[in-house]
């Protein structure tokens with residue numbers, strides 16, 4: 001416990017978050033990273049819909065998708081769902 | 001003193017009285033799943049919805065776990081949510097009950113108390129709600145259909161009080177109350193609506209640095225009940241304990257405010273002392289049994305026995321001071337449990353009352369009577385024998401059998 005932790009009288013009820021999760025980079029957790037082959041990708045956006053972390057974005061200005069590796073936990077659901085096998089999971093150190 | 005309002009006498013079974021109270025309490029969402037002996041509550045309420053008598057959103061869910069989940073979610077958005085269940089249904093809610101209290105959502109739930117399987121039994125005892133004792137819910141137990149009606153209305157005020165913000169369950173004994181027709185005095189709709197009022201909100205500081213009402217709102221996003229590990233979980237639990245302590249005062253305030261409009265009060269809201277002032281022997285019980293016990297006490301008094309009764313209306317939070325002061329001069333106490341705590345050396349109410357009396361200046365003899373499991377009837381003659389045994393303890397100056405089973409063969 002650190003000194004800045006508040007006592008029970010000072011905190012909001014029900015665990016209401018005092019900080020945004022934007023600064024908590026859960027992408028650090030991953031072992032495997034999704035890597036896409038743009039040539040195989042048909043931009044069907046199934047991966048965008050299936051990503052449980054909202055870490056794959058559709059960028060209309062680019063007409064393309066973009067992975068947010070700060071929040072991708074490397075679960076591999078996108079690779080599993082991809083109908084053209086355009087996404088492969090690679091070990092981080094590779 | 002404010003004049004009480006004119007009320008309508010209605011013939012209602014306990015379940016119907018509960019549904020009627022919920023209808024009058026301006027409830028926004030009801031999410032429920034039917035289970036005997038609570039079924040009539042949900043059935044009746046769905047009729048109100050179908051007939052357009054309420055503006056409530058009625059959610060037919062696929063289980064009690066979902067009923068509680070939907071009630072929590074509705075309440076978290078700021079809606080007034082109500083549900084009802086019993087027995088196995090309450091057991092299935094177990095996980096979500098802790099989520100409700102942990103998220104500090106003021107859901108109100110009626111529990112038509114019923115035995116738990118196995119063997120299967122649909123009749124009344126307190127095994128279901130006693131098993132949820134530590135779920136962080138306030139627990140009230142009604143003596144009759146009238147009190148079930150009154151307690152539901154009062155519960156919204158208790159739960160939604162900003163010093164409390166805890167869910168409340170109101171127990172009514174299965175069949176004995178849930179399915180038995182009684183004369184119930186009902187307040188006019190507008191009086192109940194004014195009494196329960198519009199839900200108010202505490203304010204919290206969100207992750208965006210804004211101070212906003214404590215409810216889920218897309219314009220002011222916040223996260224309720226997320227992960228809290230070794231560094232914060234304990235603090236949130238301590239807050240819940242404080243809320244329970246605050247509820248002791250709030251239950252009393254609401255009881256006396258309600259008395260002003262209805263003319264009805266239930267002791268101080270926490271406990272009801274019956275002929276205890278000069279009693280030597282007393283029983284402590286919950287729920288509908290107290291009605292019979294009062295008649296038994298009257299009979300004993302006529303025979304010159306200084307008998308009394310303490311009815312625990314509020315079981316959670318446990319009214320420690322009220323119980324201790326009500327029993328201060330009693331010499332022998334029988335605590336009645338319509339529930340077993342297997343291997344626990346007595347039932348749950350016994351444990352707690354004896355725990356309270358440990359600090360008493362003049363500690364009385366305290367014995368336990370387990371009774372009425374699976375809806376077994378307890379006759380006035382049997383109940384009277386409890387007092388006769390207490391007199392025997394006083395004469396002998398010792399307790400021979402601290403835990404007894406009333407009306408059990410063998």
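Read the figures in this text as sums done on the coordinates, not as results from a lab. Values in this document were obtained by computation on a predicted structure and should not be read as measured data. Every residue, glycine as well, gets a Cβ built from its backbone with ideal geometry; the counts of neighbours run over all protein chains shown.
Computed over the protein assembly as shown, the P(r) tail beyond 36 angstrom holds 41 percent of alpha carbon pairs. A protection proxy built from the mean count of other Cβ atoms within 10 Å ranks the segments B:386-394, B:157-165, B:209-217, most packed first, as B:157-165, B:386-394, B:209-217. Across all Cα atoms of region A:9-94, the radius of gyration (one decimal) and Dmax (whole number) stand at 15.7, 57 Å. Taking 0.890 mPa s as the viscosity and 25 °C as the temperature, the Stokes-Einstein diffusion coefficient of chain B based on its alpha-carbon Kirkwood radius rounds to 113 µm²/s.
Sorted fewest first by neighbouring Cβ atoms within 10 angstrom, A:8, A:29 come out as A:29, A:8. Cβ-to-Cβ counts within 10 Å put B:137, A:58 in ascending order as A:58, B:137, the fewest first. Give the calculated FRET efficiency between residue B:203 and residue B:117 to the nearest 0.05, with a Förster radius of 41 Å applied to their Cβ-Cβ distance. For R0 = 41 Å, the calculated efficiency reads 0.35.
Distance from the Cα centroid of region B:73-90 to that of region A:1-36 is 29 Å (rounded to whole angstrom). Residue order for B:8, B:352, B:242, fewest other beta carbons within 10 angstrom first, comes to B:8, B:242, B:352. First measure r as the distance between the Cβ atoms of residue B:62 and residue A:80, then evaluate 1/(1 + (r/R0)^6) with R0 = 22 Å and state the FRET efficiency to the nearest 0.05. Using R0 = 22 Å, I get an efficiency of 0.20. Length available on full extension from residue B:355 to residue B:381: 0.36 nm per residue minus the Cα-Cα distance, which gives 6.5 nm. For residue B:94 and residue B:321, the difference between the fully extended length at 0.36 nm per residue and the C-alpha to C-alpha distance is 78.8 nm. Is region B:343-390 rounded, prolate or oblate when judged by the Cα gyration tensor, a ≥ b ≥ c being the square roots of its eigenvalues, rounded requiring a/c under 1.5 and prolate requiring a/b larger than b/c? Since a/c reaches 1.5 but b/c is at least a/b, the shape of region B:343-390 is classed as oblate. The residue A:89 and residue B:241 beta-carbon pair, evaluated with R₀ = 51 Å, returns a calculated FRET efficiency of approximately 0.65.
Region B:278-316 and region B:384-410 have Cα centres spaced 15 Å apart.
Dividing the summed helix terms, -39500 (n - 2.57) for each DSSP H run of n ≥ 4, by the number of residues in chain B produces a 222 nm estimate of -12500 deg cm²/dmol to the nearest 500.
Extension gain, residue B:302 to residue B:398: 0.36 nm times the residue separation minus the Cα-Cα distance gives 31.9 nm.
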